[in-house]
Every structure is written in structure tokens, then in C-alpha cells.
Amino acid sequence: MATLEYIRKDTAVHSLQASSKLLLTVASLAVSLFALDFVLLGAWIVFLLAWWVVAGIDIRRLGIIMKVLIGTYLFLIILQGFTYRFGETELFRLGVLMIGPRNYAAYTLEGFLWGTLIFMRVLAVVFSLPILTMTTPMTKIAANMGQMKLPYQFTLIFVTGIRFVPLVFQTWNNVLQAQKLRGRDIDKLPLYKKAGVYTSVLTPVLLYLLQISTTLQTALECRAFGSPTTRTYLEETKLRGGDYIAQISTVALAASVIGLKVMGYSSIGYVIRM
Amino acid sequence: MTDVIADIQNLTFAYPDGVEALKDIRLQVSRGEIVAVMGANGAGKTTLCRHLTGIIPHVHQGTTQGKVVVAGMDVYEHPVHELAQKVSFVTQDPEGQLVNPDVLMEVAFGPENLGLPRDEIMRRAKWALQAVGLDGYESRSPMELSGGQKQRLALAAGLSMRPELLVLDEPTSQLDPIGTTEVFEVLGDLRTRYNMTTILTTHAAEDVPSFADRAVVVSKGKMVALGTPREIFAQVDLLDEVGVQVPQLAAIGHRIAPQQPPPLTIEESKKQILNLIQEKKLTPRKANPPRQPMSQGEVVLECVDLTFNYAGYPPVTALRDVNLKVHKGEMIGIVGQNGSGKTTLVKQFLKLLIPTKGKVLFKGRDIKGFTTGELATSIGLVLQNPDEQLFTISCKDEVEFGLRNLKLPEDEIKIRVDEALGFVGLEEQKEFFPFRLSFGDRRSLTVAAVIAMRPEVVIMDEPTTAQDYLGRHRIAKLAKKLNAAGHTVIMITHDMNLVTQYADRTVVMGNGEILLDGPTEKVFTEVETLKKTFIKPPPVSLLARELEPYGIPGDTLTVDSLVDSLKGGS
């Protein structure tokens with residue numbers, strides 16, 4: 001989880017308001033949903049990578065994410081290659097597995113391309129997340145959510161949820177350590193037995209988190225959470241010149257790629273059908 | 001007429017399971033007072049705090065008789081967020097109280113909810129952080145802080161509300177000694193500047209005389225004593241009976257002149273002793289029975305040039321070139337300020353953390369080749385937070401867990417379970433669900449679970465945090481007993497009274513390095529070095545140094561030995 005955590009830096013992206021970066025995330029989601037095309041998604045990914053460069057995001061920090069994504073990509077191209085329902089151009093076959101008219105042991109070019117396209121769709125969203133989370137302190141995100149007139153309860157659930165994610169991992173790790181300290185040699189267990197251990201870890205983790213959440217409720221109430229008074233946000237949320245440039249360029253590019261798709265643009269449409 | 005800020009009238013309360021936690025409590029606290037609530041674990045201190053802040057009845061329910069009025073508001077008639085504008089509550093577990101992504105936001109959270117102007121919020125936040133010694137940490141994530149730092153932050157978050165009444169439930173249980181004193185000084189400062197009232201529960205009896213106007217002693221839900229610290233600490237027999245610590249100086253006074261009011265400061269104690277010497281009622285005697293010499297037996301654990309960095313941007317160095325040899329049969333105390341690297345060091349012994357540089361040897365063999373599970377059969381480590389070390393449905397099962405991993409026969413398991421639970425005083429709670437126990441008892445249970453495995457080396461990381469006086473000494477005595485039975489024992493603690501009483505050797509850590517390492521008597525004479533890592537010697541040690549010119553051994557560390565050295569010629 002540390003790979004997506006905020007890193008203090010002095011870049012143009014860091015100085016933007018969270019709303020500009022939230023807009024980029026929402027726009028990425030919209031593009032991935034409505035501009036399913038190699039060229040259009042590719043253009044959007046290049047646009048996001050340009051943000052990365054400006055934000056000074058270290059690509060090495062995303063090593064873990066990329067490993068997971070490569071696994072996802074392999075899964076998608078294998079699955080789609082063999083199962084894509086409009087697959088016609090056979091690249092190779094592992095045998096014969098006829099279900100209806102389709103041989104599910106045959107790997108097709110269209111399936112491979114479809115899997116790749118879905119992966120690009122994932123990339124378009126995933127690549128936008130570090131731009132928000134690694135350049136914006138959670139305090140700014142919370143303040144901007146408040147500015148967007150979202151109920152504060154919602155914002156608090158969001159922020160607390162984010163806060164609790166590392167706590168869950170930390171607690172999980174600590175319970176696992178405690179079991180090792182009582183002579184449970186987890187490191188040497190075969191994989192299927194490890195799964196059993198993890199199940200036994202889950203219960204104390206949940207219990208501990210339940211207990212913490214009661215303390216949390218007390219702490220929140222004692223600090224006037226839920227007071228009918230209008231809440232003050234410490235963070236300034238006023239938009240500046242850079243925010244206008246970022247928001248306009250984001251909306252313009254997202255509108256362009258979605259518009260092109262809506263108007264029928266397709267880079268390799270003859271291969272892929274939806 | 002006195003301005004009463006908290007008025008507790010005939011309060012009786014029972015939790016839904018029928019346990020009567022408070023019985024007919026009557027207490028009035030005046031504006032500007034600092035009142036310490038003392039009592040053994042389970043005496044009802046936390047329940048009292050919950051009433052003062054409206055957590056009972058609004059969050060936790062039960063059966064109540066009586067009335068609680070705080071800052072003019074009946075707690076039963078006003079919601080917590082309304083009470084929160086007048087009363088701040090800081091609970092003893094900091095982990096669950098910190099909800100914000102950075103330190104500044106944490107402290108600003110309450111004032112933001114009150115809708116205060118931004119500059120006022122910033123002013124309060126900066127002031128509160130400075131008050132608890134966390135200025136400069138504003139942008140740090142609360143998750144990155146040590147246990148003691150988290151406790152300071154939780155306190156700062158309560159302070160920033162600038163309440164009329166501050167209710168603190170064991171606010172210093174995880175702090176180093178000077179950190180503890182600083183927090184109490186802050187309370188005095190708040191009273192002077194803002195006439196703020198504080199009611200706090202504490203086991204830090206040594207500090208009570210220096211900050212509290214009055215003290216309340218509760219036992220089994222009843223208020224058994226109320227008065228000034230001098231009045232309270234004069235009742236030594238009562239305090240012994242209910243398991244409340246008597247400060248060392250008062251204990252010495254009680255032993256040498258029980259008819260006199262108890263001395264509460266070094267000056268008072270020195271004056272009393274010198275008067276008694278002058279009156280020939282006491283004669284100082286130099287010779288103290290020599291302590292057990294430091295063992296020079298087989299080296300069981302050894303760190304060689306050990307350096308450890310926590311990953312981060314930039315990485316945080318927690319240990320720097322640490323070299324340490326632990327001999328078989330030693331009883332070692334490790335002390336040092338919050339975040340000095342104590343826990344990080346002992347985690348290396350079991351490969352819970354892997355050294356960045358250097359190595360750890362167990363009986364001369366690099367531990368690299370062992371798993372944590374294998375090492376745990378020889379080295380027992382009790383970690384700080386008991387709630388992350390309990391994972392079964394009964395106390396009995398909890399202790400059995402490790403024994404089953406050792407594949408012991410059933411009859412042996414039964415013997416060891418009974419023995420370990422008996423050691424920590426939990427034999428009657430054998431079938432209890434661990435999370436039903438009090439925090440202190442949950443901690444005792446984790447100790448029982450580890451010692452039942454009878455490891456060669458036993459390491460206890462802050463085993464006495466949040467323990468009452470009897471619990472602390474019970475665990476320390478247990479450690480000593482294990483040591484006497486041939487186990488090597490290492491104990492990390494902030495309780496200097498325990499270290500000086502029980503440890504033969506003391507290792508002092510600061511900023512990831514070993515600052516001092518030697519016989520306990522010698523280490524505690526290095527007052528200036530100790531101060532660097534927020535350690536202060538116990539009062540008896542400071543008193544002995546003051547009395548050295550009059551013939552008392554300057555390296556005296558315990559009440560018994562000081563009294564012995566006085567009684568010699570009486």
C-alpha cells in the first residue's frame with residue numbers, strides 16, 4: 001500500500017488543488033468506459049504519463065503495481081484469446097474443445113487484441129490514481145470533498161477507510177508475528193496449510209479492528225464530530241491558475257477522445273467487435 | 001462559593017452484563033483543580049471517566065443511579081458532541097483515537113468540528129503540539145509515530161479543544177519518565193493560564209504529589225479515599241490493601257517515622273532523615289549488601305555492528321552500529337526514550353526485522369539460517385500490544401497455543417497452562433474470552449502464553465504498561481523468578497523503579513545507539529547521560545545522592561536498601 005502513499009515534493013502537480021486531480025481520475029474513468037480504442041486509450045495513457053513526469057513520480061515506486069498488472073495482462077490475454085466470442089483469426093490451437101460452434105482450445109488474434117484493449121482500459125484508470133494519491137495529502141482530498149458539498153460523514157468514512165487500510169495490514173502482520181512467536185512455524189508450512197493459518201489470523205484482526213472502531217467512535221464523539229455547527233476546513237481549496245489549466249486540458253482531451261469514439265472513430269475496428 | 005465544574009452525586013453504575021463498576025461515588029471537583037484518580041486495574045477508573053464525558057450513557061449503556069453534572073450540563077440530557085465543547089476525553093489506547101492522515105490534521109480535527117476560524121485552529125494546533133513536544137511533526141503520518149508519540153498526539157488532540165474540563169484516562173502509560181513529567185507540567189500550565197480543570201486516572205504515583213491538588217482512590221467501584229496527596233499517601237496500609245503504589249519517598253518516611261506526615265519531595269525527605277540522624281534516632285551505615293554480580297557466562301545473544309533502517313522516503317535509521325552481548329542467566333533492563341530503538345533491537349533477535357547491516361548470533365550461530373518459529377522455541381518475546389497477540393477463544397486456549405506447537409503431551413500442557421495462568425493471577429479466568437479481560441489482564445495473559453513455553457531467553461517489551469502497581473511488580477517478580485530458574489531475561493520498560501529493583505544490568509538506548517551499558521547501580525549514577533534519553537533515576541536514587549555526604553551509599557537504588565542503610569545504627 002505504501003507504493004501509492006503521498007510523497008512530499010515541490011512540483012506543479014503537487015501544488016494543484018485535489019479537485020483538479022480528482023477531476024483527472026473521474027475523466028480517466030469516463031475515458032476507459034466510453035473510449036474503448038487502442039489509439040484513443042493510448043493517447044490518454046500518454047497524457048497521464050506526462051502528468052507523472054511533471055509530478056516527479058518515480059516509476060520504480062510502482063514496481064509492485066506493475067507486477068500485479070502484468071499478471072492481470074497475462075490473465076486477460078490468455079482468457080480472451082481462448083474465449084473471445086468474435087474470435088476468427090486462429091493463431092494456434094492446443095487441441096479441440098468444441099462447445100457449440102466455437103473451439104475453445106483455439107487461440108485467436110481478436111481475443112488477444114480484446115484482452116489487450118481491456119488491459120489498456122485498466123491502465124487508463126490505474127495510471128491516474130498515483131497522480132491523485134502520491135501528490136495530494138489526504139487532508140486536501142478531504143477538504144475538496146467538503147468543498148464539493150459531499151456530506152462530511154461521507155468524507156470521514158472515505159478518509160478513515162484510507163487510514164484503516166494500512167492499519168489492517170499492520171494488524172494482520174502483527175498477529176501473524178505473534179503466532180510465529182508462539183512457535184508456529186508459518187514460514188515452513190506448505191501453501192495449503194498457510195491458508196489455514198491465515199484464516200485463524202483473520203478472526204483476531206477483525207476483533208481488534210472492531211475494538212478499535214469502538215475507541216474510534218468514542219474519540220470522534222469526544223471531538224465534537226456530528227456537531228450541528230458548520231465545520232471549518234483548515235485546508236484552502238481556492239482554485240489557482242494552474243488548476244484552471246489542468247482542469248480545462250483534462251476536460252478538453254477527455255471530451256475529444258470520447259467524442260471521437262461516439263462519432264465512430266475506430267483504429268482497428270475491423271478486427272474487434274463489441 | 002466554589003465554582004464546581006464536575007459534580008458526581010451518588011453514582012452507581014452496572015454494565016449490561018451485570019458487573020457493578022461504580023458504587024455510590026460522590027465527588028465534586030472545583031474549576032482549576034487537578035484531581036488524580038488512582039486504583040488497581042478494574043477498580044472503575046475508566047467507567048468514571050466515561051461518565052464525566054457522556055460516553056456513558058450515549059455510547060456505552062448500562063444501569064445507572066445518581067447524577068453527573070459537568071460544566072452545568074447533566075450528561076444524561078446532553079449529547080456527547082455538545083459536552084465535547086466543554087469536556088475533552090483522551091482514552092488510554094492511542095491507536096484507535098487517531099483518524100487523520102497527518103499530525104496537524106489530527107490536532108485540528110476537533111476545533112474544525114467546532115467551526116472555529118482557521119487562524120484560531122492553527123494557533124491551537126501549534127500550541128497543543130508544542131505542549132506535548134510534537135512540534136516539527138506536523139506533516140508526519142500518525143501511523144509512523146512510536147507508541148509514546150501516538151499517546152502524546154492523542155493528548156494534543158484533546159488539548160486543542162481547549163476544554164474547561166480535561167478528562168484523561170492514563171495519559172502517560174506509554175511515555176518515558178521525562179515525557180511523563182512533561183505532560184504533568186503541561187496540565188499545571190493549562191491550569192495557570194486557562195484555569196483548566198483536569199481529572200486523570202494514573203498509575204504514576206511518584207508524580208502525583210507534584211501535579212495533583214487532590215487524589216481519589218477507588219477500589220472495586222467504591223471511592224475509598226479522597227484528599228490531598230499528602231493525606232492520601234499517609235494512608236500506606238490502605239493503599240497497600242487496595243493495590244495503589246505509595247511513592248518511594250513517602251514509603252521511606254513511613255518506614256523510618258510512621259507517625260510523621262509523609263515527605264513528598266527530595267528536600268522534605270532529606271530534611272526528615274537528617275533530623276532523625278541529628279536526634280540520634282537513625283545512624284547511617286555505608287555497607288549495602290552487594291547485588292548479584294553481572295553474569296559473565298556463555299554468550300546467548302549477540303549483536304554485531306547492527307544497523308537497521310525502516311523503509312521510507314527517506315529511510316529512518318532506528319539502530320546504528322549496535323554491539324551487545326547477552327550472557328546466560330542475566331537479568332537485563334533496557335530503557336530509553338520513546339522511539340530510541342528498544343523494540344526494534346529486540347525484534348532483530350527473532351528475525352521479525354532483518355538487519356540492514358550487521359548480524360545477530362544466538363549461541364554463536366548467525367540466526368540467518370533460522371525461521372522466527374524456530375527461534376521462538378528458545379527465545380520468547382512478549383510484544384507491546386496484547387490485543388494483537390490474542391487469537392483464541394479462551395485464556396486456557398491462548399496459553400495452550402504455543403505448547404501445542406511444541407508438540408508437548410497433554411498432561412504436560414495442562415500442568416504448564418495452570419502454572420502460567422497462576423503465575424499471572426488469571427487462574428480463575430481460565431475459561432474467559434481473552435477480550436473480556438481488562439487491558440492489564442490481557443497483557444498478563446500474553447506473558448503467561450510465552451512463559452508457558454519455557455524459552456531459554458525471555459524478552460518482555462513494556463510488559464508493565466497500563467498495569468497497576470501490583471500487576472507491575474507481579475510481572476517483574478515473575479521475570480526475576482524465571483531468571484532465578486536459569487532463564488535469561490530482558491525487560492524493556494519505562495518504569496525505573498522496576499529496573500532499579502530487579503535488573504542486575506541496564507542498557508540505556510538513545511537515538512538508535514547504546515548510550516550506557518553496565519551494572520544497574522553504576523548506570524543510574526550517570527544522571528546527565530540518562531537525561532539525554534528522557535530517563536530520570538527514581539526518587540530514592542536521587543535522595544541517596546543527596547545523602548551521600550552524610551554517609552548513605554550514593555548508588556542506593558531501592559527503598560529497602562536505603563532504609564537498611566539508615567536502620568543499621570538506629
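Residues of region B:364-402 with amide nitrogen under 15 Å from the 7 Å Cα-to-Cβ point of B:Glu298? Output list for this probe position: B:364-366, B:378-379. Cα centroid distance between region B:231-283 and region A:15-42, in Å? If you average the Cα positions of each part, the centres end up 74 Å apart.
Any idea of the accessible area per residue across the protein assembly as shown, 1.4 Å probe, to the nearest Å²?
Numbers: 34970 Å² over 844 residues.
In whole numbers, the protein assembly as shown has 41 Å² accessible per residue.
Would you calculate the convex hull of the Cα atoms in chain A and tell me its volume per residue in Å³? Enclosed volume per residue, from the Cα hull, is 201 Å³.
With 0.36 nm allotted per residue and the present C-alpha distance subtracted, the B:Tyr550-B:Lys481 stretch has 21.3 nm of extension available. Among the listed pairs B:Lys342/B:Lys522; A:Lys140/A:Lys261; B:Lys328/B:Lys481; A:Lys180/B:Lys359; B:Lys342/B:Lys532; B:Lys325/B:Lys396, a Cα-Cα separation exceeding 25 Å is found for A:Lys140/A:Lys261; B:Lys325/B:Lys396. When exposed loop sites are taken as GluC sites (Glu not before Pro) in a DSSP loop with at most 15 other Cβ atoms within 10 Å, the longest stretch of chain A clear of them is A:89-235.
Total Å² of accessible surface buried at the B-A contact, 1.4 Å probe, nearest 100?
Details: alone 23980 and 16490 Å², together 34970 Å².
Chain pair B/A: roughly 5500 Å² of buried accessible area.
I'd like the distance separating the alpha-carbon centroids of region B:1-21 and region B:62-87, in whole Å. Going from one Cα centre to the other spans 11 Å. Give, as a single signed number, the net charge of other residues whose beta carbon lies under 10 Å from the beta carbon of B:Ala43, with Lys and Arg counted +1 and Asp and Glu -1. With Lys, Arg at +1 and Asp, Glu at -1, the net is +2.
Based on Cβ point charges of +1 for Lys and Arg and -1 for Asp and Glu, what charge dipole magnitude is obtained for region B:411-570 about its Cα centre, in debye rounded to the nearest 20? Present the calculation step by step, with values, prior to reporting the outcome.
Details: 19 positive and 24 negative charges, 40 e Å.
Charge dipole of region B:411-570: 200 debye, to the nearest 20.
For region B:51-129, applying the loop criterion from DSSP together with a ceiling of 13 other beta carbons within 10 Å to the GluC sites (Glu not before Pro) yields B:Glu77. The phi-based Karplus calculation (6.51 cos²θ - 1.76 cosθ + 1.60; θ = phi - 60°) puts the 3J(HN,Hα) values of region B:551-560 at x, 8, x, x, 9, 5, 10, 10, 4, 4 Hz, whole numbers, x for Gly and Pro.
Relative contact order of region B:342-459, taken over Cα pairs closer than 8 Å and 6 or more residues apart, is 33 percent.
For chain B, what does the relative contact order come out to in percent, with C-alpha contacts under 8 Å and a separation of six or more? Please list the in-between numbers first.
On the way: 1165 pairs, mean separation 82.5, N = 570.
Contact order relative to length: 14 percent.
The calculated FRET efficiency for the pair B:Thr283 and B:Lys325, based on their C-beta separation and a Förster distance of 45 Å, comes to about 0.60.
Of all the Cα-Cα pairs you can form in the protein assembly as shown, what percent are over 37 Å apart? Show your work: numbers first, answer last.
On the way: 188394 of 355746 pairs.
Cα-Cα pairs of the protein assembly as shown separated by over 37 Å account for 53 percent.
For region A:140-198, trypsin sites (Lys or Arg not before Pro) are listed when DSSP marks them as loop and at most 14 other Cβ atoms sit within 10 Å of their Cβ; the list is A:Lys149.
Once you have a ≥ b ≥ c as the square roots of the Cα gyration tensor eigenvalues for region A:102-199, tell me rounded if a/c is under 1.5, and otherwise prolate or oblate according to whether a/b is larger than b/c. Display every interim value, and only then the final one.
Numbers: a/c = 3.02, a/b = 1.01, b/c = 2.98.
It comes out oblate by the Cα gyration axes.
Rounded to the nearest 0.05, what FRET efficiency is calculated for A:Tyr104 and B:Ser394 with R0 set to 41 Å and r the Cβ-Cβ distance?
On the way: r = 52 Å, r/R0 = 1.28.
For A:Tyr104 and B:Ser394, the calculated efficiency is 0.20.
Given H placed on each backbone N at 1.01 Å, which residues far from B:Ile334 in sequence or on other chains put an amide H within less than 5 Å of it? Hits under the 5 Å cutoff: B:Met491, B:Ile492, B:Thr493, B:Val507. 3J(HN,Hα) couplings calculated from phi for region B:399-413 with the Karplus curve 6.51 cos²θ - 1.76 cosθ + 1.60 (θ = phi - 60°) are, in sequence order, 6, 5, 3, x, 5, 5, 5, 7, 6, 7, x, 4, 5, 5, 4 Hz; Gly and Pro show x. The three principal axes of the C-alpha atoms in chain B carry coordinate ranges of 69, 62, 51 Å, sorted with the longest axis first.
Given the Cα-Cα distance of B:Glu428 and B:Arg31 and 0.36 nm per residue of separation, how much length would full extension add, in nm? Before the final figure, lay out each step's value.
On the way: separation 397, 0.36 × 397 = 142.92 nm, distance 4.29 nm.
Full extension of this stretch gives 138.6 nm more.
What are the GluC sites (Glu not before Pro) within region B:519-570 that DSSP puts in a loop, where the Cβ has at most 13 other Cβ atoms within 10 Å? Filter output for region B:519-570: empty list. Phi-derived couplings, Karplus 6.51 cos²θ - 1.76 cosθ + 1.60 at θ = phi - 60°, listed residue by residue for region B:199-215: 10, 9, 8, 7, 9, 7, 4, 4, 8, 3, x, 7, 10, 8, 7, 9, 10 Hz, with x used for Gly and Pro.
On the protein heavy atoms, probe 1.4 angstrom, tell me the percent of accessible surface of the protein assembly as shown carried by carbon and sulfur. Mind dumping the intermediate values first?
Numbers: 20210 of 34970 Å².
For the protein assembly as shown, the apolar C and S fraction of the accessible surface comes to 58 percent.
Each of B:Thr63 and A:Leu260 was given a label point 7 Å from its Cα along the Cα-to-Cβ line. The distance between the two points is 7.5 nm. Dipole size of region B:449-496 about its Cα centre, with +1 on Lys/Arg Cβ and -1 on Asp/Glu Cβ: approximately 260 debye, rounded to the nearest 20.
With coordinates expressed along the principal axes, the C-alpha atoms belonging to region B:1-55 extend over 40, 20, 19 Å, beginning with the largest.
Distance between the 7 Å Cα→Cβ label points at A:Val53 and A:Met148: 2.8 nm. Summing Cβ point charges (Lys, Arg +1; Asp, Glu -1) relative to the Cα centre of region B:149-191 gives a dipole of roughly 160 debye. Summary value for region B:5-79: 40 percent relative contact order, contacts being C-alpha pairs under 8 angstrom separated by 6+ residues.
Close amide H partners of B:Leu516, meaning residues 5 or more places away or on another chain with modelled amide H under 5 Å apart, are B:Val508.
The values are calculated or read from the model by the stated rules, or taken from the named source; none is laboratory data. Note that the coordinates shown come from a computational prediction; the quantities given were computed from them, not determined experimentally. Note that each Cβ is placed from the backbone with ideal geometry, even for glycine, and that neighbours are counted across all protein chains shown. For accessibility, only protein heavy atoms count, side chains too; no ligands or nucleic acids. Shrake-Rupley method; radii C 1.70, N 1.55, O 1.52, S 1.80 Å.
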